[in-house]
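Everything on this sheet refers to the single structure shown next.
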């Protein structure tokens with residue numbers, strides 16, 4: 001049952017995304033259009049479901065819409081389809097940030113395929129990201145076909161406030177690369193922007209577009225925000241101690257890449273053996289077993305796991321307060337569990 | 001008189017721009033905020049009026065608002081101040097595109113100062129451009145303090161449609177660098193996106209926010225669009241034959257940079273001496289006199305000047321149809337003349 005609903009939503013999201021991106025499907029800009037459809041996973045080498053990703057954010061958005069039953073304005077049948085352009089907008093924002101991220105991080109692969117800047121050069125890829133963001137805004141504004149203008153403006157505001165948080169998180173992440181005085185306090189504003197802002201926009205705007213009461217909208221927002229924090233901390237743990245066959249990344253790759261993850265920042269504050277080694281320069285692949293062992297001995301793994309679990313409980317508490325209804329409500333919990341228990 | 005009005009508008013625009021950009025003036029993101037204020041010309045080495053630029057686009061927007069007297073909805077006193085956040089939005093879009101342009105073109109100087117990517121590296125500069133664009137959208141949405149939500153949505157739509165045109169023009173410009181089969185037909189979609197889209201958004205949204213009738217809004221749009229085309233063609237002429245002391249660029253720098261300007265595309269179609277030389281590779285500084293002479297002999301200068309003049313007349317025709325009123329109406333004509341007669 002739940003799978004049928006999610007499959008319908010997934011199909012509607014893909015159709016809407018393609019329609020939105022088709023704005024560039026014009027005589028003079030065919031190759032430009034193809035750059036976007038390649039990045040979205042629809043065309044080019046390696047295209048397909050794997051390349052497109054799971055569309056978790058727009059699904060979370062539509063499930064949030066559909067899970068509101070105590071609507072301020074009752075309007076009969078389930079109307080999640082009316083919100084699909086906003087769900088597409090969120091996925092486009094996510095992809096805009098991925099395209100620019102890949103340039104900024106010098107990443108050559110994304111979901112097993114060459115990144116846009118590798119295929120077409122950084123100047124073109126900057127423009128691809130810009131176009132994805134413009135279309136994200138256009139998609140959000142096209143909500144007006146089904147919602148009052150006041151709600152469209154509010155949804156677009158939440159979306160853009162979230163985008164500014166994304167740029168803040170990105171700034172912090174990049175600026176941290178040059179610093180060696182970081183503490184755990186520096187961690188939260190970074191992942192609050194990079195990971196939580198967009199997930200909280202999904203659930204907050206979803207509730208808004210489901211005509212939820214203000215208090216419920218706030219609970220949905222807090223659920224999404226803490227879901228993002230919990231997910232990121234867990235991702236940090238998996239990035240060091242995760243099973244390669246499950247995470248799809250080489251073991252401890254976060255250590256080799258010098259990522260300022262929560263376990264690392266925890267151990268840096270301890271100023272022990274790990275801290276000493278970390279400050280001496282990049283970790284080599286042949287050291288990762290030794291270095292991740294240091295982290296574990298200094299309590300960093302336990303601390304991060306405990307933190308992730310606390311945040312998960314907090315997120316689930318807000319979800320309970322939000323009281324999502326029906327099949328969609330159950331599906332939200334399922335999606336949250338999928339996100340948070342990647343080991344299983 | 002007109003100067004007093006424009007000065008008031010200029011001051012209001014600067015104040016609003018600073019308030020909008022202050023969204024990043026927060027504890028963790030001070031250096032990020034400073035990257036934006038540097039680019040906007042307010043802080044850092046060389047800050048000041050010269051670095052900030054003339055804010056022609058937001059001025060054109062506010063003058064358009066103020067020049068509407070036959071309002072659909074009369075509301076007493078002149079209300080251009082209500083539209084200032086949208087004017088700021090347009091200037092922020094312009095600056096977002098400049099920051100990304102400078103990375104894409106590898107330009108080291110902008111208005112005599114180091115560009116953002118030179119100062120902070122391309123990854124940070126990409127993020128600076130992204131933030132400027134996000135804030136542009138936030139500024140547009142903050143129109144809601146003074147306008148009905150339906151108008152806010154429509155203004156934001158026009159703005160984002162224009163931004164997609166900007167990315168199209170940018171794509172064409174970059175893709176042309178690798179082509180040697182360009183004709184004059186390829187020119188118009190490029191400058192339509194790169195130059196005209198934003199100027200037409202200024203006048204179109206300005207008229208909308210002045211509560212003009214639909215027909216007048218369309219005439220304002222067409223005025224801005226053709227003003228942009230005329231301005232770009234004239235800029236192309238000045239980029240080859242302009243007086244260095246007036247243009248501020250070294251003479252014929254467009255030739256050395258290999259820019260696909262209208263005179264160049266005109267002469268390439270002729271397949272004469274110029275075309276032969278152009279296809280052999282980059283023009284050296286010591287050849288520019290000879291090569292610009294070839295262009296002139298083949299009629300390219302005359303053609304471009306005539307085209308610019310025709311477009312100017314067309315723009316002024318639409319402006320006449322738009323019938324801007326009062327002091328602001330006169331000031332629009334003055335601003336257009338400033339843009340179009342840079343030699344004087």
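Odds and ends about this structure:
- Shape category assigned to region A:153-297 from the gyration tensor of Cα positions, a/c cut at 1.5: prolate
- 10 Å Cβ neighbours from other chains, averaged over peptide B:95-103: 2
- Angle in degrees between helix B:2-21 and the longest Cα principal axis of chain B, rounded to the nearest 10: 80
- The C-alpha atoms of chain A define a longest principal axis, and helix A:326-340 lies at about 20 degrees to it.
- Exam field: residue B:182 pseudo-label spacings to other copies (7 Å along Cα-Cβ), nanometres: 4.3
- Projected label points at residue A:119 and residue A:181, each 7 Å from Cα along the beta carbon direction, are separated by 4.4 nanometres.
- Rounded FRET efficiency, nearest 0.05, which uses the C-beta distance separating residue A:105 from residue A:273 and R0 of 22 Å: 0.20
- At R0 = 25 Å, FRET efficiency that the Cβ-Cβ distance of residue B:50 and residue B:341 yields, to 0.05: 0.75
- When region A:75-148 is reduced to its Cα atoms, the Kirkwood hydrodynamic radius in Å: 13.5
- Compactness of chain A as Cα Rg over 2.2 N^0.38 Å, two decimals: 1.01
- Protection-proxy order for peptides B:112-121, B:277-286, A:106-115, each taking the mean of Cβ atoms within 10 Å per residue, highest first: B:112-121, A:106-115, B:277-286
- Other-copy label distances relative to residue B:284, 7 angstrom Cα-Cβ extension, nm: 4.9
- Folded to 0 to 90 degrees: helix B:84-104 orientation relative to chain B principal axis, Cα: 30
- With a 10 Å cut-off around each Cβ of A:276-289, the average count of Cβ atoms from other chains is 0.
- Rule-of-thumb Rg ratio for region B:281-344 [Cα; 2.2 N^0.38 Å; N residues]: 1.63
- Label-to-label distance, nm, for residues given as residue A:284 and residue A:305 (7 Å Cα→Cβ offset): 3.0
- Computing FRET efficiency as 1/(1 + (r/R0)^6) for residue B:244 and residue B:43, where r is the C-beta to C-beta distance and R0 is 30 Å, gives about 0.50.
- Residue of chain A nearest the A-to-B rotation axis [by Cβ], rounded angstrom distance: A:149, 2
- Along its principal axes, the protein assembly as shown has C-alpha extents of 77, 60, 44 angstrom, given from the largest down.
- Per-residue mean of C-beta atoms belonging to partner chains within 10 Å, peptide B:27-34: 4
- A point 7 Å from Cα along Cα→Cβ stands in for residue B:243, and the other copies hold the same point at 7.8 nm, listed in rising order.
Taken together, the values in this text are just the output of simple stated rules run on the coordinates, not laboratory data. Since this is a predicted model, take the numbers as computed values, not measurements. Note that we place each Cβ from the backbone using ideal geometry, even for glycine, and neighbour counts take in every protein chain shown.
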